[in-house]
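Shown next, in structure tokens, is the structure this report addresses.
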Amino acid sequence: MTIRPTRRTILGTGSAVALLAGCSKYGDSNNSSSQSTSGTPSVSPSGTASATASGGAAAGPELAKTSDIPVGGGTIFKDEKVVVTQPEQGEFKAFSAVCTHQGCTVSTVSDGTINCPCHGSKFRITDASVAAGPAPRPLPAEKITVEGNSIRLA
């Protein structure tokens, strides 16, 4: 007696394979811990501030010196999966470095945007809103503390 797979079994198996392939991580071939570039800031609505002044909460290890983050640009910290931007002199923002499209790590900050290498998504350095798709939503904000010339994850 031969058992033949049904159409439903074949379609279900194909769907599972497609789902797993769609969940894979693309392109994170650059293993450096950070990348810094500068560019021209974009004009966009003000987002919520993610940098906080010195305060009571204990901060994590130092990410960078304030002088390491270019005005109108940003620095990507791949190990921490965070990008810190400085849209205007003395204004620091932090966002997740994981693209909201398919989970790739962003690779550059230039011309006022945080750029994903996988499918071309771009996020504004001011508030991480989507400047170019296919990303469906902004990068989530991360909390940092800025004390003197030191930037730390909160």
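FYI, it's all coordinate maths here, none of it is from the lab. These numbers come from a predicted model, not from an experiment. Every residue, glycine as well, gets a Cβ built from its backbone with ideal geometry; the counts of neighbours run over all protein chains shown.
Spin-label pair Ala154-Asp79: with each label point 7 Å from Cα along the Cα-Cβ axis, the two points sit 2.4 nm from one another.
Basic side chains Lys and Arg get +1 at the Cβ, acidic Asp and Glu get -1 at the Cβ, and with that the dipole of the stretch 58-154 about its Cα centre reaches some 260 debye. The simple spin-label model puts a point 7 Å past each Cα toward its Cβ; for Ala132 and Ser67 those points are separated by 3.4 nm. Computed over neighbours whose Cβ is under 12 Å from that of Lys65, the net charge equals -2, Lys and Arg +1, Asp and Glu -1. Contact order for the stretch 84-154, expressed relative to its length and based on alpha carbon pairs under 8 Å spaced 6+ residues apart, stands at 26 percent. Taken along the Cα-to-beta-carbon direction at a fixed 7 Å, the label points for His119 and Gln89 span 4.0 nm. Overall shape of the stretch 52-154 was characterised from the C-alpha gyration tensor. The equivalent ellipsoid obtained from it has semi-axes of 23, 14, 11 Å, in decreasing order.
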